[in-house]
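Undergrad: Have a look at this one before I ask anything.
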Amino acid sequence: MHKLEIKDLYVNIEDKEILKGVNLTVNSGEIHALMGPNGNGKSTLLMAIMGHPKYEIISGDILVDGESIIEMSVDERSKAGLFLAMQNPQTIPGVSNLEFLKYIVNAHSDEKKKLQEIFKDIKQGANELDFDLNMLKRFVNDGFSGGEKKKNEILQLKMLNPIFSLIDEIDSGLDVDALEVVSKNLNQVDLSTNAMVIVSHYDRFFKKVQPTHAHVIIEGKIVTSGGNEIVERINTEGYSWVKELAK
Ligand SMILES: Nc1ncnc2c1ncn2[C@@H]1O[C@H](COP(=O)(O)OP(=O)(O)OP(=O)(O)O)[C@@H](O)[C@H]1O
Ligand SMILES: [Mg+2]
């Protein structure tokens with residue numbers, strides 16, 4: 001059982017105040033839906049939790065199992081069990097996907113395995129995602145289609161089996177079959193030791209990967225929290241009622 005706590009978090013990007021006092025607690029076994037209109041701080045929250053240097057923590061704290069992680073590097077946070085599937089995954093020219101997967105798996109383990117030793121797992125993960133094996137030989141995300149990049153993020157998640165998965169708009173850009181396959185893979189994550197925070201704009205996706213909790217961010221603050229009824233209300237009514245709450 002693990003706990004991620006965000007306490008009264010204020011985050012700036014280039015001196016612009018983006019998050020203005022976010023509180024959130026996520027326990028193993030929970031799936032948290034994070035919704036909110038464009039540009040209101042969802043990705044900022046996930047990037048700040050993961051430790052992206054551009055996202056400056058002004059005050060507040062982020063704790064994993066009671067220990068503050070805000071002084072930790074991205075690398076250390078990753079080893080502590082945090083994982084971010086990015087809204088816009090980065091391209092790494094010159095590094096093959098296979099080499100990259102080997103590197104991240106080894107970085108999370110005391111054993112240093114050769115590619116042959118983990119190839120079976122990578123192949124199985126790729127097959128479960130209906131991800132063409134040729135994509136493994138290419139440079140990370142280089143020339144990948146939008147949907148291929150998203151599947152590649154989930155392949156990394158599957159190889160690392162994180163404790164806290166932060167998943168940013170994984171459904172955007174996926175065709176209907178890919179959406180089905182990605183949802184199925186997320187539903188296969190063992191929630192007894194894992195938790196997810198999932199950003200999506202769409203009820204359609206949360207019908208497939210059902211949240212236990214839902215939150216709405218408006219102007220850098222979580223203004224309402226609850227269960228799936230929030231996702232459904234946003235689907236039918238939009239955000240005007242939440243914006244009223246934020247006033
Ligand atoms: N380098 C920057 N300089 C100034 N403002 C920035 C910078 N980077 C991001 N922002 C602003 O931070 C705000 C929050 O952005 P964020 O990416 O967290 O939004 P979001 O809720 O994830 O939106 P979306 O649903 O469109 O993905 C936006 O207004 C964005 O323009
Ligand atoms: Mg975003």
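Every number here is computed from the coordinates shown, using simple stated rules; none is lab data. Keep in mind the model is a prediction, meaning the values are calculated, not measured. Positions of Cβ are generated from backbone atoms using ideal geometry, with glycine treated the same way; all protein chains shown enter the neighbour counts.
Undergrad: So how do 181-189, 55-63 stack up, highest first, on mean other-Cβ count within 10 Å?
TA: Highest mean packing first, the order is 181-189, 55-63.
Undergrad: Place a point 7 Å from Cα of V74 in the direction of its Cβ. Which residues in the range 148-173 have their backbone N less than 14 Å from it?
TA: Answer for the range 148-173: none.
Undergrad: How do the peptides 127-138, 22-33 rank, highest first, by the average count of neighbouring beta carbon atoms within 10 Å per residue?
TA: 22-33, 127-138
Undergrad: Also: Quick query: amide H of A195 versus all other amide H atoms, modeled in the peptide plane; which residues come in under 5 Å with a sequence gap of 5 or more or a different chain?
TA: Close amide H contacts, sequence-distant or interchain: G29, F164, S165.
Undergrad: Rank-order 207-214, 230-237 by packing density, defined as the average count of other C-beta atoms within 10 Å over each peptide's residues, highest first.
TA: In descending order of packing, they fall as 207-214, 230-237.
Undergrad: Which distance in nm do the two modelled labels at E219 and S240 give, with both placed 7 Å along the Cα-to-Cβ direction?
TA: Distance between label points: 1.9 nm.
Undergrad: List, in the order given, every pair from K184/K207; K3/K149; K3/K112; K79/K221; K123/K158 whose Cα-Cα distance in the structure shown is over 20 Å.
TA: Checking Cα-Cα distances, K3/K149; K3/K112; K79/K221 exceed 20 Å.
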